[in-house]
Ligand code: F6P
C-alpha cells in the first residue's frame, strides 16, 4: 500500500517517534511505501512529497520537532484546498493517509475523509485537548518543561519575596496549567475552564502573605479568563486558532495583583519552550504505540478513525466522534490544583 504521512498544527516532542514507528512498522511488517508530505496539509495541497525510508528515521527517536515539518493550513477553509489535496493524492497514487495532529489537523482530516479518502489520525498536542484520548503526544514533555520552570522560579520567588505569575500554553484548556501547577506546587492555577475573580485572588494572596508566606506562584493558562461580572474587564475571542496574545493575560493578572496587594510581582511566559526539546520516554512510547496502531488499523481496513489512549490501552475511536470536540480539564483536577496552597 502507498501510505501518505503528515504532521500538522503546532509541533511538539514525540512526533518523530510516531513518524519512525509508521515507517518502521509500515515498511518492515507489511512492505508498504510511506510517502511523507512536508508541512502538514499545505504540503499535501502543494504536492510537496518526501518519500521516507528506514535511513530517514535513523536516530530521530529522541529528537524534538517533526522531521516532516508542519504548518497551520486547513484545506477545507482554503480556496480550492480540498481539490488540491485530492489531486495530489491521485498523482502520488496514495491509497491512505496517516495524519498526526491536534484539533485543527483532525478537523481537516475529517473533512478530507468525507470526500472518500481513507484516513487514520494520531492525536498530538501539548495542550492535551483532543477529545477521545486520555493523552496526546507532546503533553507529558510540555508538563515536564513547565514543572521544571516552576521549580526554578520557586527559588527566585522565595529569595525576593515576590508573587511570580507563570504563563503556560493552553488556549482553550488548562491541562498543562493544572498538571504543572500541581507538580510544581503553585499556590493558584488559572484555567479557561474555571474563570477567575481577581479580587478573590488578591484577597487570598494578602491573607496568605499575612499568615505565613513570603512569596507565591500563580500559574496562568494563556486562555484563562476572568469570570463575568467580576471587576477585571477582559475580552478574549478565541476560536480554533486562537486570537490569544501570548503573555497578555499573565501581564494583566500580574498588574492587577500588584495594584491590589502592593506585592512585588513578576511575569514569566514559558511560550514555545514547552513545545521543544528531547521528548520524555512516555512521549516516545506513546508516539511509537500510536504509529504502530495507525499502520495496523489501515492493514485491517479501519479508516476514519483516530488512535487513542484509554487507561493503559491503545484503541481506535471514530474520527467524527472526536474531531472538533472539546476536552476540558475535569473539575476534580482544577480543585486539586487550587486546594494545596
Ligand atoms: O500547539 C498548541 C499551542 O501550543 C497553543 O497552546 C498555543 O496557543 C499555540 O500552539 C501557539 O501556536 P503558534 O506556534 O502557531 O504560535
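The values are calculated or read from the model by the stated rules, or taken from the named source; none is laboratory data. Small disclaimer: the values here were computed from a predicted structure and weren't measured. A quick note on method: Cβ atoms are made from the backbone with ideal geometry, for glycine too, and the neighbour counts reach across all protein chains shown.
Numbers for the structure displayed
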{"item": "Flag if residue 165 is more than 16 Å from the ligand (Cβ to nearest atom) and either outside any loop (DSSP other than H, G, I, E, B) or modelled with pLDDT under 95 (or both)", "result": "yes"}
{"item": "Of all residues making up the stretch 21-67, the number that are closer than 21 Å to residue 277 by Cα and either part of a loop (DSSP other than H, G, I, E, B) or touching a strand residue (DSSP E or B) at 6+ places or on another chain (Cβ under 6 Å) (or both)", "result": "13"}
{"item": "Some residue of the stretch 182-203 being part of a helix (DSSP H, G or I), within 16 Å of the ligand (Cβ to nearest atom), within 30 Å of residue 313 (Cα to Cα) and in contact (Cβ under 8 Å) with a residue 40 or more places away in the chain", "result": "no"}
{"item": "Test: residue 71 is under 24 Å from residue 172 (Cβ atoms), within 15 Å of the ligand (Cβ to nearest atom) and either more than 25 Å from the chain's Cα centre (by Cα) or surrounded by fewer than 24 Cβ atoms within 10 Å (Cβ to Cβ) (or both)", "result": "yes"}
{"item": "Complete set of residues in the stretch 86-105 that are touching a helix residue (DSSP H, G or I) at 6+ places or on another chain (Cβ under 7 Å), within 16 Å of the ligand (Cβ to nearest atom) and outside any strand (DSSP E or B)", "result": "105"}
{"item": "Sole exception among (1) surrounded by fewer than 15 Cβ atoms within 10 Å (Cβ to Cβ); (2) touching a strand residue (DSSP E or B) at 6+ places or on another chain (Cβ under 7 Å); (3) within 30 Å of residue 210 (Cβ to Cβ) for residue 335, by number", "result": "(2)"}
{"item": "Count of residues meeting criterion [assigned to a helix (DSSP H, G or I) and in contact with a strand residue (DSSP E or B) (Cβ under 9 Å, 6 or more places away or on another chain)] in the stretch 260-283", "result": "4"}
{"item": "Matching residues, the stretch 274-292, being within 14 Å of the chain's Cα centre (by Cα) and farther than 29 Å from residue 302 by Cβ", "result": "274, 275, 276"}
{"item": "Filter result for residue 246 (within 16 Å of the ligand (Cβ to nearest atom), under 28 Å from residue 327 (Cβ atoms), in a loop (DSSP other than H, G, I, E, B) and in contact with a strand residue (DSSP E or B) (Cβ under 9 Å, 6 or more places away or on another chain))", "result": "yes"}
{"item": "Answer from 288, 341 - the residue that is in contact with a helix residue (DSSP H, G or I) (Cβ under 8 Å, 6 or more places away or on another chain) and either assigned to a loop (DSSP other than H, G, I, E, B) or modelled with pLDDT under 95 (or both)", "result": "341"}
{"item": "Conditions (1) touching a strand residue (DSSP E or B) at 6+ places or on another chain (Cβ under 9 Å); (2) assigned to a loop (DSSP other than H, G, I, E, B); number of the one not met by residue 235", "result": "(1)"}
{"item": "Residue within the stretch 50-61 that is within 21 Å of residue 106 (Cβ to Cβ), away from the ligand (no atom under 16 Å from the Cβ) and more than 23 Å from the chain's Cα centre (by Cα) present", "result": "no"}
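Each row is one residue, and each column tells you yes or no for (1) in contact with a helix residue (DSSP H, G or I) (Cβ under 6 Å, 6 or more places away or on another chain); (2) within 11 Å of the ligand (Cβ to nearest atom); (3) over 28 Å from residue 318 (Cβ atoms).
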residue	(1), (2), (3)
121	yes, no, no
125	no, yes, no
132	yes, no, no
145	yes, no, yes
153	no, no, yes
156	no, no, yes
159	no, no, yes
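Okay, residues lined up against (1) under 26 Å from residue 299 (Cα atoms); (2) touching a residue at least 12 places away in the same chain (Cβ under 8 Å):
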| site | (1), (2) |
| --- | --- |
| 52 | yes, yes |
| 58 | yes, no |
| 73 | no, yes |
| 76 | no, yes |
| 89 | yes, yes |
| 92 | yes, yes |
| 97 | yes, yes |
| 100 | yes, yes |
| 113 | yes, yes |
